[in-house]
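*Asks:* Take a look at this one; I'll ask things after.
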Amino acid sequence: MGATAQPRRVADATDRRPGSSVAEILLATRNREAAMSRLLMGFITTGLIFMLFPGTLLGVWNLLQISGRESVGLISPAWLQAHGHAQVFGWIGSFLLGIGFYSIPKLRGSGTRVIRAAWVCWTIWTIGVAVRWAATVYLWQWRVLVPASGILELIAFLTFFSIVSQHRPKDSSEKALEPWVWVVMSATMGFLLAVIANLAGSFYVALRGASPAFPHSFDQRYLALLGWGFLVPFIWGFSAKWMRVFLGLKPLRPKILFSAVLLNLAGVALAITGNFRLATWCLLVAAGVSIAAIRIFEASEQKAKIRGIHRSFPLFVRVAYGWLLVAALLGVAASLWDTSGGIWGASRHALTVGFVAVMVLSVGQRILPAFAGMRLLWSPKLMFVGLVSLTAGCSLRVSCEVLAYQGYANWAWLVLPVSALVELAALSVFTTNMLCTFVLQPSHAVNEPMSVGISQVVALSNPR
Ligand code: HEM
């Protein structure tokens, strides 16, 4: 992952093997770029499918059941966890693997070997996540299939990791790595640990459990690792890499960002050892320090790059960071006052929907069309509709989850199903916009005489 977003260069003199003409090299490079874009679209489409059906539809169904019975305790924990797994591994995991492969720098020739291995990784990952969901929901042969799916996910992750780590930029050993690379590497380690913890939990329930659901105390610790050890540092790393350019922010403060990462790691470690009260304070301070480092709420130095997307993009990136703070604050509140799981649940969704999903809807629609063969986003207006409705749905969900679950206001049970449907609509709009971009928008890369790298793609699609 350290190589993420390094430009893939047009073949240079060192690419020239005896007998290969410049035209052949350029053709091979163009074919390779097209194959990489197809690979990226494969991962993104799979992620969208996991997000919408096994993830969001099951999440909505769970919330309708919880609201109908006015209790989360009466719902199958296996179904709650199947939803969480589909969202985090199926959606975000597939997106990250796809972007990671796409970002491999300086592949030579047609890159066939790497691209084939990446498709193998996609196949194993997709089967692993799909089997896990199906076995957890339908309970068919789950004692065998749940650990088997965990093994498949680990194999897929290790395949990805070995390919990406073999293709570091040529000069990375001479130059110090940029700060964002370290942050993304720490997030990649968090991803690996999450995959391993999932496998360990899967074996435990297969051997000792009465159902495929992880025991509550293990699940609480595992969720802290997923949310704060894996998802959050990825977004910090990509923010450190891109937000200065996209939002015209003032320069990153690297040392402060490293402090945020360390505090965050301490918070995750404390949560894993069961010290939630101290952990949540650490995570709150880490969130605040990351905001100071990335300078997301400071006035921009330059104009934001919003050509081809909706002009509200910079606002929603900041809204996402606002949700990060809300999630961390609710975490502290949960460690002090939660009696029902409602404040923990609200904190979790402020993080996963408010921070992670709002960020994916903002930055994803900003970069993925360009990565997928220099396309333009199908509809900037739909981007806005998706983001507004996701923010509205998340606000209703987070506030009413606390009020309803904790028994502070009975009317809030009636609002929760509405919040779920609004979030479902938002995520469906996002999926439609991305799929229409892939299918209906022409690829401008096809007519380009030479390949361009990620930096050039971003610059070309946004000359402002
Ligand atoms: C329409 C949107 C969504 C709905 C209606 C929804 C609903 C739910 C519900 C009802 C729960 C059970 C716990 C609770 O009451 O809080 C839950 C748990 C969870 N959700 Fe969501 N969710 C949505 C979106 C997401 C997204 C986008 C993510 C991640 C990116 C996510 C990740 C999780 C996780 C990790 C859990 C914890 C599962 C466990 O207990 O192990 N959810 N969700």
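*Asks:* Is there a residue in the range 391-402 that is of a type in the set (D, E, K, R), out of contact with any Gly (no Cβ under 7 Å at 6 or more places or on another chain), away from the ligand (no atom under 13 Å from the Cβ) and open to solvent by 10 Å² or more (accessible area, probe 1.4 Å)? Steps first, answer last, please.
*Replies:* Quick first cut of the range 391-402, residues of a type in the set (D, E, K, R) only: 397, 401.
Still in the list and also out of contact with any Gly (no Cβ under 7 Å at 6 or more places or on another chain): 397.
Imposing the further condition that a residue be away from the ligand (no atom under 13 Å from the Cβ) reduces the set to none.
No, the range 391-402 has no match at all.
*Asks:* Every residue in the range 343-364 that is more than 6 Å from the ligand (Cβ to nearest atom) and within 16 Å of Phe276 (Cβ to Cβ), please.
*Replies:* Ile343, Trp344, Ala346, Ser347, Leu351 - these are the residues of the range 343-364 that are more than 6 Å from the ligand (Cβ to nearest atom) and within 16 Å of Phe276 (Cβ to Cβ).
*Asks:* Something else: For the range 195-216, give me each residue that is away from the ligand (no atom under 16 Å from the Cβ) and surrounded by 17 or more Cβ atoms within 10 Å (Cβ to Cβ).
*Replies:* Taking the range 195-216 and keeping what is away from the ligand (no atom under 16 Å from the Cβ), we get 196, 203, 206-208, 210.
Once the filter is applied, which keeps residues that are away from the ligand (no atom under 16 Å from the Cβ) and surrounded by 17 or more Cβ atoms within 10 Å (Cβ to Cβ), the range 195-216 yields only Ala206.
*Asks:* How many residues are more than 18 Å from Pro233 (Cβ to Cβ) and open to solvent by 30 Å² or more (accessible area, probe 1.4 Å) if we restrict to the range 275-307?
*Replies:* Keep residues of the range 275-307 that are more than 18 Å from Pro233 (Cβ to Cβ), which gives 275-278, 281, 297-307.
Right, trim to open to solvent by 30 Å² or more (accessible area, probe 1.4 Å) and you get 275-278, 281, 297-303, 305-307.
Qualifying residue count for the region: 15.
*Asks:* Would you please name the residue that is most open to solvent (accessible area, probe 1.4 Å), looking only at residues in the range 136-177 that are charged (D, E, K, R) and modelled with pLDDT of 95 or more?
*Replies:* Step one: list which residues in the range 136-177 are charged (D, E, K, R), which gives 143, 153, 168, 170-171, 174-175.
Within this subset, residues satisfying the condition of being modelled with pLDDT of 95 or more are 143, 153.
On the way: Arg143: 107, Glu153: 0 Å².
Checking each candidate, the answer is Arg143.
*Asks:* Moving on. What do you reckon, is Ile49 outside any helix (DSSP H, G or I), modelled with pLDDT of 85 or more and either of a type in the set (Val, Ile, Thr) or in contact with a Pro (Cβ under 6 Å, 6 or more places away or on another chain) (or both)?
*Replies:* Values: outside any helix (DSSP H, G or I): no; modelled with pLDDT of 85 or more: yes; either of a type in the set (Val, Ile, Thr) or in contact with a Pro (Cβ under 6 Å, 6 or more places away or on another chain) (or both): yes.
Taking the combined requirement at face value, the residue does not satisfy it.
*Asks:* For the range 350-390, what are the residues that are open to solvent by 30 Å² or more (accessible area, probe 1.4 Å) and within 20 Å of the chain's Cα centre (by Cα)?
*Replies:* Correct list: Thr352, Phe384, Val388.
*Asks:* Just checking, how many residues over the range 327-342 are open to solvent by 30 Å² or more (accessible area, probe 1.4 Å) and more than 13 Å from the ligand (Cβ to nearest atom)?
*Replies:* 4
*Asks:* Could you grab the pairs with beta carbons closer than 6 Å, sequence gap of 6+ or different chains, first residue in the range 222-239 and within 11 Å of the ligand (Cβ to nearest atom), second one hydroxyl-bearing (Ser, Thr, Tyr)?
*Replies:* No pair meets every condition.
The values are calculated or read from the model by the stated rules, or taken from the named source; none is laboratory data. Quick caveat: nothing in here was measured; it's all calculated off a predicted structure. Neighbour counts run over all protein chains shown; Cβ positions are idealised from the backbone, glycine included. To get the accessible areas, we keep the full protein, side chains included, count just its heavy atoms, and leave off ligands, DNA and RNA. Shrake-Rupley method; radii C 1.70, N 1.55, O 1.52, S 1.80 Å.
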